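Chemist: Would you mind keeping the following structure in view while I ask a few things?
The values are calculated or read from the model by the stated rules, or taken from the named source; none is laboratory data. In this text the structure is predicted, and so the values were computed from the model without any measurement. As a convention, Cβ positions derive from the backbone with ideal geometry for all residues, glycine included, and neighbour counts pool all protein chains shown. Quick note on the areas: whole protein, heavy atoms, side chains included, nothing else; ligands and nucleic acids left out. Shrake-Rupley method; radii C 1.70, N 1.55, O 1.52, S 1.80 Å.
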Amino acid sequence: MTQLDDRPASTDSFTSLNPATGEVVGTYPVHTAADVDAAVARARASASWWEGLGFEGRKEVLDQWRGVLARRVAALVDVVHRETGKPHGDAQLEAALAIDHLAWIASHAKKVLGPKKVFAGLLLANQAASVEYRPLGVVGVIGPWNYPVFTPMGSIAYALGAGNTVVFKPSELTPGVGHWLADSLREVVPGHDLLQVVTGFGETGAALCRADVDKIAFTGSTATGKRVMAACAERLTPVVIEAGGKDAMLVDEDADIEAAADAAAWGAFSNAGQTCTGIERVYVHDKVHDAFLDALTRRAREVRSGHDPAAQYGPMTMPSQLDVVRRHVDDALAKGGRAVVGGPEAVGDRFVQPTVLVDVPEDSEAVCEETFGPTVVVNRVRSMDEAIERVNVGKYGLGSSVFSASRGEEIARRLRTGMTAINSVISFAAVPGLPFGGVGDSGFGRIHGPDGLREFCYAKAVTRTRFKAPLNLTTFERTAEQDAQVATLLAVLHGRATQLPKRPLRVRRHKNL
Ligand code: NDP
């Protein structure tokens, strides 16, 4: 029984299916715009209660919720397994990370968002200045299916932690997971609509964008992200867009090759490659290319997709993605690339086996577009300069990974991506204190960390007059003598900053790159 089932809703319904077997997992209502509006109105009614609890009260609720999630993780994992087909171990991992983020939110929200004194400056020395971050009100969250717990919780938990209530539209492929999450929070705070779920297809998501929400947090494809922005523009509703990626790994000549190959295999094939920050291409220094390829192909041949407990990853959750994967592999081969593991025959009816492509031209779809499947392109480069250039010309800029013994940080800094893992993959997503998000077609705004909490707030600036100013600037009674004093003060405070630099500015370049 879900929280909206006993409320007036559309009579239309849809089913969620197990992508590994085709069996029906659950039936859910297709919520109409009126249903969505009603959910948002209930969320608004609960928003002032939630805000009024303050940081300490909200911490108590979020900690209790964390306990419920941790104690019942096996049940949650089972719903994720049935709706996405992913192995139980992988489902547990994403739940564990989400719970860890929840703990961080509960213990850091006050420090990050609470009032802070700010130096008022010499011109306004009579003012006490402070800033704090207030909740927006009601946040609409639209989530994808690939990590149906971890990914939407990156928005839901941070929005709640910042003092907002949430209406969540899960992917039509994973509505059961969304309901499970909302029901578990309702157990902790019955009678309050802190987190509600609306289900349906794209139209339900579009209705959420047009509803009376104060922000939309969208995670999904870039194409849908653009539609979400357009719909939100009608009401000037702000958005945070976490969209797709084409993440690269760079392997330098001094890298630990076995570790890099191990990380590339996991980054590319885990979750059937359906990871926004999955590794889809690898640029390897000429000097270690062959050794790396050998180490990666050895591993790729040991990894297998299937529905049995021994399989390392499951089916493609969204059947239509099979066509995209097939098209990218075919295009890579047609343009002169080679498949050293897998290939077109690796793409089955539900499952895709690991595929390693080499010498793939940079203008092919497998290099430029998000594949979202268990395939990886390995291309040779003469230097890390060349690798960086290839990454930075791409339209996406979500995450990246660098394997290098001595120059990891230098290379990471020059990559135009929101996140970089040095000598590992995707580790940035698991660190609660770090912001998560991309640039370019990967979207904008941040979830996770202090930035993720502030994303769901507005900054509130306050000044308080402490004593009568000797030099009152904001009065019609200001005199010519006082204007002269301002001019003198200006020269003392800022005049020297106008002097030209004594030597020309130089762009600093990192050595050896
Ligand atoms: P989609 O863009 O297809 O859908 C995302 C969500 O938007 C779903 O809930 C979907 O509903 C909903 N939706 C669809 N149309 C509209 C609309 N017009 N208005 C509002 N909402 C709408 O993405 P996927 O679910 O296929 O997820 C995969 C994508 O997500 C990949 O591109 C991946 O890279 C990206 N992603 C990005 C992450 C990040 O943090 N940057 C993390 C994880 C994934 P429905 O399913 O019912 O159609």
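Chemist: What part of the accessible area of segment 248-432, given as a whole %, is carbon or sulfur when the probe is 1.4 angstrom? Provide the component values of the computation, followed by the final result.
Modeler: On the way: 3410 of 6940 Å².
Answer for segment 248-432: carbon and sulfur cover 49 percent of the accessible area.
Chemist: Still on this structure: Which FRET efficiency, nearest 0.05, do residue 27 and residue 223 yield, Cβ-Cβ r, R0 30 Å?
Modeler: 0.60
Chemist: Moving on to the next point. Hey, what does the equivalent ellipsoid look like for segment 248-432, semi-axes from the Cα gyration tensor as sqrt of 5 times each eigenvalue, largest first, whole Å? Provide the component values of the computation, followed by the final result.
Modeler: Details: eigenvalues 118, 60, 50 Å².
Semi-axis lengths for segment 248-432 are 24, 17, 16 Å.
Chemist: Can you work out the FRET efficiency for the pair residue 405 and residue 100, with r the C-beta to C-beta distance and R0 = 22 Å, to the nearest 0.05? It would help to have the intermediate numbers written out before the result.
Modeler: Working: r = 30 Å, r/R0 = 1.34.
Between residue 405 and residue 100 the formula returns 0.15.
Chemist: Where the convex hull is taken over the Cα atoms of segment 68-197, what is its projected area averaged over directions, in nm²?
Modeler: Values: hull surface 37.6 nm².
In nm², the orientation-averaged hull projection of segment 68-197 is 9.4.
Chemist: Multiply the residue separation of residue 236 and residue 71 by 0.36 nm, subtract the distance between their alpha-carbon atoms, and state the gained length in nm to one decimal. Intermediate results must be reported in sequence, preceding the final value.
Modeler: Details: separation 165, 0.36 × 165 = 59.40 nm, distance 4.07 nm.
Result: 55.3 nm gained on full extension.
Chemist: Mean projection of the alpha-carbon convex hull of segment 403-450 over all orientations, in nm²? The partial results should precede the final answer.
Modeler: Numbers: hull surface 14.4 nm².
With the hull built on Cα positions only, its mean projection is 3.6 nm².
Chemist: Tell me, how many Å apart are the Cα centres for segment 331-401 and for segment 197-255?
Modeler: Spelled out, the Cα-based centre of one part sits 25 Å from the other.
Chemist: So, in nm, how far is label residue 494 from label residue 34 when the simple model puts each one 7 Å beyond its Cα toward the Cβ?
Modeler: With each label placed 7 Å out from Cα toward Cβ, I get 5.8 nm.
Chemist: I would also like to ask the following. Would you kindly give the portion of the calculated P(r) for segment 405-486 that falls above 17 Å, as a percent of all Cα pairs?
Modeler: Tail of P(r) above 17 Å: 68 percent of Cα pairs.
Chemist: Given charges of +1 on the Cβ of Lys and Arg and -1 on the Cβ of Asp and Glu, with all other atoms neutral, how large is the dipole of the chain about its Cα centre, in debye to the nearest 20? Intermediate results must be reported in sequence, preceding the final value.
Modeler: Numbers: 56 positive and 60 negative charges, 481 e Å.
It works out to roughly 2320 debye.
Chemist: Please give me, ordered by residue number, the chymotrypsin sites (Phe, Trp or Tyr not before Pro) of segment 200-296 that lie in loop per DSSP and have at most 16 other Cβ atoms within 10 Å.
Modeler: Numbers: sites: 201, 218, 266, 269, 283, 292; in loops: 201.
Loop-located and lightly packed - 201.
Chemist: Here's something else I'd like to know. So if I take the alpha carbon set of segment 242-343, get Rg, then get Rh from the Kirkwood formula, what is the Rg over Rh ratio? Kindly include the intermediate steps, with their values, before the conclusion.
Modeler: Working: Rg = 14.2 Å, Rh = 14.7 Å.
Result: Rg/Rh = 0.96.
Chemist: Taking a label point 7 Å from the Cα of residue 253 along the Cα→Cβ vector, which residues of segment 269-307 have an amide N closer than 12 Å to it?
Modeler: In segment 269-307, the label zone of residue 253 (backbone N under 12 Å from the point 7 Å along Cα→Cβ) covers 285-289.
Chemist: Using every alpha carbon pair in segment 1-115, what percent of pairs falls into each 10 Å bin from 0 up to the bin containing the largest distance?
Modeler: Calculated over all Cα pairs of segment 1-115, the distribution is 12, 26, 34, 24, 3, 0 percent.
Chemist: While we're here: Which value in nm describes the separation of the simple spin-label points at residue 359 and residue 49, placed 7 Å from the Cα toward the beta carbon?
Modeler: Rounded to a tenth, the inter-label distance reads 6.7 nm.
Chemist: Return the tail of the calculated pair distribution for segment 309-412, meaning the percent of Cα-Cα pairs more than 17 Å apart.
Modeler: Values: 3067 of 5356 pairs.
Tail of P(r) above 17 Å: 57 percent of Cα pairs.
Chemist: P(r) for the chain: what percent of alpha-carbon pairs falls in each 10 Å bin, starting at zero?
Modeler: Spelled out bin by bin, the chain gives 4, 18, 25, 22, 16, 9, 4, 2, 0 percent.
Chemist: Going 7 Å from the Cα of residue 469 in the Cα-to-Cβ direction, what parts of segment 475-499 have a backbone nitrogen less than 19 Å from that spot?
Modeler: Residues 475-495 fall inside that zone.
Chemist: Give me the accessible area per residue for segment 208-287, probe 1.4 Å, as a whole number in Å².
Modeler: Numbers: 2510 Å² over 80 residues.
Heavy-atom accessible area per residue stands at 31 Å².
Chemist: Segment 26-122: which chymotrypsin sites (Phe, Trp or Tyr not before Pro) are DSSP loop and have at most 11 other beta-carbon atoms within 10 angstrom? Spell out each step's value before the answer.
Modeler: On the way: sites: 49, 50, 55, 65, 104, 119; in loops: 119.
Answer in residue order: 119.
Chemist: When the convex hull of the C-alpha atoms of segment 225-294 is computed, what volume per residue in Å³ does it have? Before the final figure, lay out the partial values.
Modeler: Numbers: hull volume 7.4 nm³, N = 70.
In segment 225-294, the Cα hull volume divided by residue count equals 106 Å³.
Chemist: So, one more: Across segment 357-513, what fraction of all alpha-carbon pairs, as a whole percent, falls in each successive 10 Å bin from zero upward?
Modeler: 8, 22, 22, 16, 15, 11, 5, 1
Chemist: Assuming R0 = 22 Å, what is the FRET efficiency of residue 12 and residue 212, from their Cβ-Cβ distance, to the nearest 0.05? Please report the intermediate quantities before stating the final value.
Modeler: Working: r = 23 Å, r/R0 = 1.05.
With a Förster radius of 22 Å, E is 0.40.
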